[in-house]
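Here the structure is laid out as structure tokens; the discussion comes afterwards.
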Amino acid sequence: MTNKLELYRCNVCGNIAEIVLSGYGKLVCCGEEMELLIPKTHDEMEEKHVPVIEMKDGNITIRVGSVLHPMEEEHYIQFIEAIANDNKYLKRKYFKPDEEPILTFKCECKEGISSRELCNIHGLWASSEVTHDR
Ligand SMILES: [Fe+2]
């Protein structure tokens, strides 16, 4: 059984799959069951991974993280997602190693949002803490 918006990784080939709509089966890739990615929410080091969500006048800015994560060829943020708390909307931005890991967009987001990001080395991280700056 899968759940909407879960992320799964194949530990053989690196495929990442997101559940668009849930079903009863198990996801299999390269002959093995895929691993459900569970986001971490606290970074013991310098908070370079936990997304920081700011809302100001209907503009959302999501940074990874409070100290910007390195964006190098071997170690970088692969994507950031913003997800409405009622799971009705999803926004995803992909990054290349030389780009800043920041996602900005306009949204009243009255239902509230959370964010998650994937680091190619350190995995999945999430936050639902939104700072309102008016
Ligand atoms: Fe990292």
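Taking +1 at the Cβ of each Lys and Arg and -1 at the Cβ of each Asp and Glu, which of Tyr8, Ile83, Ser66 sits farthest along the dipole of the chain towards its positive end, judged by Cα position relative to the Cα centre?
The one lying farthest along the dipole's positive direction is Ile83.
Under the rule a/c < 1.5 gives rounded, and otherwise a/b versus b/c splits prolate from oblate, where does region 51-132 land using the Cα gyration tensor?
prolate
Sequence neighbours fewer than 8 away in the same chain don't count; with that in mind, list the aspartates and glutamates whose C-alpha is under 16 Å from Lys106.
Glu54, Asp57, Glu81, Asp133
Test of the criteria: in region 22-112, which GluC sites (Glu not before Pro) are in a DSSP loop and have at most 13 other Cβ atoms within 10 angstrom of their Cβ?
Hits after loop and neighbour filter: Glu44, Glu46, Glu73, Glu74, Glu99, Glu108, Glu111.
Under a crude label model (7 Å from the Cα following the beta-carbon direction), how far is Lys56 from Ile121 in nanometres?
3.1
Taking neighbour counts of Cβ atoms within 10 Å as a proxy for exposure, in what order, fewest first, do Thr104, Thr61 appear?
Thr104, Thr61
What relative contact order, as a whole-number percentage, does the chain give when Cα pairs under 8 Å and 6 or more residues apart are counted?
Across the chain, relative contact order equals 24 percent.
Bear in mind that the values in this text are calculations on the coordinates, not laboratory data. If you're wondering where the values come from, they're calculated on a predicted model, not measured in any experiment. So basically every Cβ, Gly included, is an ideal-geometry build from the backbone, and we count neighbours across all protein chains shown.
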